[in-house]
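Notes follow once the structure below has been shown.
Throughout, read-outs are computed from the coordinates displayed, never taken from laboratory work. All figures in this text were calculated on a predicted structure; none of them were measured in a lab. FYI the Cβ positions are ideal-geometry reconstructions off the backbone, even for glycines, and counts take in every protein chain you see.
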Amino acid sequence: MTTDTTSAGMPPIAASHDALDVVPVQASDDRSPLKSKVMSFADEGKAQVTGTLDGLAETVRDVATKLEANGAAPFAGLVHQAADTVAGWSSAVDARSVDDLIDDTRTLVRTSPAVAVGLSIVAGLFLSRLVKASAIGSVR
């Protein structure tokens, strides 16, 4: 009885489906109640993110105005630029659909997994601090 072997003396491995070759099955276009609820939460989250970024941009602009009043005009110009950048992020998030944002996130994870892990750690730390602060505030 003979069997085929590779140069290392091992039998050849039968062709199998590689995880990267598998095409995910797309859900039907009709929205199930669960998907509708998830998308609703995602839309609310998107609105909260844009609101937070807008508030941050406004706060940074206030700091820049105070710096100008205190005679630190060159530094105030940099702070104004930072506020404009944050406002641009808010506009970019607001202009995109939730599906587009999810696709962008998937692309980021595939192309830069280390950056994605780092961002998720920072987001987790931020969320834990936020939850802790809200829990302490509700106790008082």
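Okay, here's what the table says:
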| read-out | value |
| --- | --- |
| L56/K35 FRET efficiency (R0 30 Å; Cβ-Cβ; nearest 0.05) | 0.45 |
| Gyration tensor over alpha-carbon atoms, the stretch 57-140, equivalent ellipsoid semi-axes in Å | 30, 22, 13 |
| Whole-Hz couplings from phi, Karplus 6.51/-1.76/1.60, listed for the stretch 45-59; x for Gly and Pro | x, 4, 5, 5, 5, 5, x, 5, 5, 4, x, 5, 4, 5, 5 |
| Lysines with Cα under 22 Å of K35, excluding same-chain neighbours fewer than 8 positions away | K46 |
